[in-house]
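Enquirer: The structure is given below, and queries will be raised subsequently.
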Amino acid sequence: MILTACQPAILDPQGPVGISQKMVLIDSLAIMLAIVIPTISATLVFAWWFRGSNASARYLPDWVYSGRIELIVWSIPVLVIMLLGGVAWIASHDLDPAKPLASKTPPLEVQAISLDWKWLFIYPTQGVASVNQLVVPAGVPIHFSLTSASVMNAFFIPQLGSMIYTMNGMTTQLNLQADAPGTFRGLSSHYSGDGFADMHFDVLAVPSERFTAWVEATRNEGPVLDPESYTDLARQSLNVRPFTFRAAEPGLFQKIVTQKLPPGPGPQIGRPDPSVSPRTEK
């Protein structure tokens, strides 16, 4: 049972972006198989027909050139490349991460910050924030503004689509949507140090009324996300359990992007200590 822990993820999309990306993969595979299967089949047929024991095979040791064969040999790969290029060209424009999703419902704004080694999500309109847990309303477009408060990282929810990088001092944009309620796995898909393996989070897509109830419940408990609490959060830590902030200071994300709030302090000099930072001084 080597593949017991494997999940279809990308091939089991739960949103419009993921569904479109799955179709691009299937279309590209079909186009490539159109040349791969005949080529492999022809190789096997030629090897069998021109075997040493086949007296019926016609050998042409002085044969040099055939215009028809050259036309076939070159035209088929050119057509395949054109088709693949067309699919990639159209998809890269239609699935531009910064392109808003077509919807009659206004998008939910979420500001995502990659830290060592955890994810911070700020809901600027609702005024709350969460760590290592993303709660969103199903059927509503989500507009992400992303940055990194440490090294470069990558934000990825395989079932919703479109991995995108987070970089210190920069903002990237991403638009996703979960079509139906469910729990989806989000993760960091770019190695970022000792705590990278546990830098994942759950995406809880819930009905709109449950999302509203979650926001109201969050506002009644937990600490406040301000520069001081953010500075504490930015320190390296491992296996951080999900928790929420009942309030988030307005403009905090912009201060992180413009580095008015300094990046995370990074590792301390010393030998590894797996309980806190892998570089804590002994």
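Enquirer: From largest to smallest, what semi-axes in whole angstrom does the chain give when each is the square root of 5 times an eigenvalue of its alpha carbon gyration tensor?
Expert: So the equivalent ellipsoid measures 50, 24, 17 Å along its semi-axes.
Enquirer: Still on this structure, I have one more. May I ask you to list the lysines whose Cα is less than 19 Å away from that of LYS22, ignoring any residue fewer than eight positions away on the same chain?
Expert: By straight Cα distance, LYS22 reaches LYS99.
Enquirer: Related question: How much length, in nm to one decimal, is gained on full extension between ASP194 and ALA42, taken as 0.36 nm per residue of separation minus their Cα-Cα distance?
Expert: Using 0.36 nm per residue and subtracting the Cα-Cα distance, I get 49.8 nm.
Enquirer: Which FRET efficiency value, to the nearest 0.05, do you get for GLU221 and THR258 by plugging their Cβ-Cβ distance into 1/(1 + (r/R0)^6) with R0 = 35 Å?
Expert: According to the calculation, E is roughly 0.70.
Enquirer: Share of the chain's accessible area from carbon and sulfur, percent, 1.4 Å?
Expert: Here carbon and sulfur together make up 64 percent of the probe-accessible area.
Enquirer: Right, here's the next one. How big, on average over all directions, is the shadow cast by the Cα convex hull of region 1-146, in nm²?
Expert: Across all orientations, region 1-146 yields a mean hull projection of 16.6 nm².
Enquirer: Roughly what % antiparallel, to the nearest 5, for the DSSP beta bridges in the chain?
Expert: For the chain, the DSSP antiparallel bridge percentage is about 65.
Enquirer: When the convex hull of the C-alpha atoms of region 110-228 is computed, what volume per residue in Å³ does it have?
Expert: Value for region 110-228: 103 Å³ per residue.
Enquirer: Taking a label point 7 Å from the Cα of MET23 along the Cα→Cβ vector, which residues of region 80-98 have an amide N closer than 19 Å to it?
Expert: 83-98
Enquirer: Turning to a different aspect of this structure: ³J(HN,Hα) across region 48-64 via Karplus (A = 6.51, B = -1.76, C = 1.60, θ = phi - 60°), whole Hz, x for Gly/Pro?
Expert: 6, 5, 9, 5, x, 8, 8, 6, 7, 5, 9, 9, 10, x, 9, 5, 10
Enquirer: Ok, one more. Just need the relative contact order of the chain here, percent rounded to a whole number, with Cα pairs under 8 Å and 6+ apart.
Expert: Across the chain, relative contact order equals 19 percent.
Enquirer: Still on this structure, I have one more. Let me know the volume per residue of the alpha-carbon convex hull for region 168-270, in Å³.
Expert: Normalising the Cα hull of region 168-270 by residue number yields 144 Å³.
Enquirer: Hey, another quick one. So for region 115-251, averaging the separation of alpha carbon pairs under 8 Å that are six or more residues apart and normalising by length, what relative contact order in percent results?
Expert: Reported relative contact order: 34 percent.
Enquirer: Classify region 61-174 as rounded, prolate or oblate, taking a ≥ b ≥ c as the square roots of the eigenvalues of its Cα gyration tensor: rounded when a/c is under 1.5, otherwise prolate if a/b is larger than b/c and oblate if not.
Expert: The shape class here is prolate.
Enquirer: Can you tell me the order of 162-172, 75-85 when each peptide is scored by its average per-residue count of other Cβ atoms within 10 angstrom, highest first?
Expert: The densest-packed peptide leads the list: 162-172, 75-85.
Enquirer: If eta is 0.890 mPa s and T is 25 °C, what Stokes-Einstein diffusion coefficient results for region 43-119, Kirkwood Rh from Cα pairs, in µm²/s?
Expert: The estimated diffusion coefficient comes to 127 µm²/s.
Enquirer: Please compute the Cα-Cα pair-distance distribution of region 76-122 with 5 Å bins starting at 0, giving whole percents from short to long.
Expert: Result, from short to long distances: 5, 15, 12, 13, 13, 13, 11, 8, 7, 3, 0 percent.
Enquirer: Provide the per residue accessible area, probe 1.4 Å, for region 36-162, rounded to a whole number of square angstrom.
Expert: Normalised by residue count, the accessible surface of region 36-162 is 56 Å².
Enquirer: I would also like to ask the following. Only helical DSSP H runs with n ≥ 4 go in: add -39500 (n - 2.57) per run for the chain, normalise by residue count and round the 222 nm mean residue ellipticity to 500 deg cm²/dmol.
Expert: -10000 deg cm²/dmol
The values are calculated or read from the model by the stated rules, or taken from the named source; none is laboratory data. Keep in mind that this is a model prediction, so the values were computed, not measured. Cβ sites come from the backbone with ideal geometry, for glycine too, and all protein chains shown count toward neighbours. What goes into the accessible areas is simple: the full protein's heavy atoms, side chains included, and nothing from ligands, DNA or RNA. Shrake-Rupley method; radii C 1.70, N 1.55, O 1.52, S 1.80 Å.
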